[in-house]
Amino acid sequence: MKSRTSAESIYAPQPANPKLDEVTVSSKAIFEGKVISLQVDTVQLPNGQTATREIIKHPGAVAVLAIKGDRMLVVDQYRQAMGRTEVEIPAGKLDPGEQPEVAAARELKEETGYEAKSLRHLRSFYTSPGFADEIIHLYMAEELEAGEMALDEDEFLEVAEITLEEAYRLMDENRISDAKTMMAVYAWEIYRTTGRL
């Protein structure tokens, strides 16, 4: 499998603006779940005053823009937080100690049955930096080979292949409304138009 480079080497934080830094004074664990945990931090602000920050901790995730000819692979699944089904690109959280590229290949195989001979890291981005540290590593998968799905026991979804025009229609209908999938659609259009990512 060809890979451009690792997400870690691409996603290296740039020099910060220390005059805006907040110093953590204390941190209190509130909740520990299977996927996320919640903590409340007391921080010292740049002006010397203190404030509280409610923080969701997340292990990180991957998402895969899988291209098959002139179509992209998507999955339709129920999202309890939204109270409805949502059309998304294949995605999932990182297992402990798992590298993003490995997770991307695993999630693509589990949710669609496909394996990719070419897997390229596009971007890594935070989903909601105001209150969560979740980071998603977005990959592009090409040269796909079909195989068998391997869904988790509590995972139910349908796989589809859609054109760019169908993707935009689904966005207009709010059937695609999550940030990672919308970002993938825009990236795919740029790639089709310019050949660059």
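The values are calculated or read from the model by the stated rules, or taken from the named source; none is laboratory data. Model, not experiment: these values are computed from the prediction. Every residue, glycine as well, gets a Cβ built from its backbone with ideal geometry; the counts of neighbours run over all protein chains shown. We work out accessible area using only protein heavy atoms, side chains counted, and drop any ligands, DNA or RNA first. Shrake-Rupley method; radii C 1.70, N 1.55, O 1.52, S 1.80 Å.
Quick notes on this one:
- Any hit, region 152-163, residues being farther than 27 Å from residue 36 by Cα, open to solvent by 50 Å² or more (accessible area, probe 1.4 Å) and not polar (S, T, N, Q): yes
- Scanning region 170-184 for residues that are surrounded by 12 or more Cβ atoms within 10 Å (Cβ to Cβ) and either in a loop (DSSP other than H, G, I, E, B) or of a type in the set (Phe, Trp, Tyr) (or both) turns up 175, 176, 177, 178.
- Residue among 19, 34, 109 that is open to solvent by 40 Å² or more (accessible area, probe 1.4 Å) and either modelled with pLDDT of 95 or more or touching a strand residue (DSSP E or B) at 6+ places or on another chain (Cβ under 7 Å) (or both): 109
- Qualifying residue in region 11-31 (condition: under 23 Å from residue 192 (Cα atoms) and in a loop (DSSP other than H, G, I, E, B)): no
- Count of region 112-127 residues, restricted to those that are of a type outside the set (Val, Ile, Thr), more than 26 Å from residue 56 (Cα to Cα) and touching a strand residue (DSSP E or B) at 6+ places or on another chain (Cβ under 6 Å), is 7.
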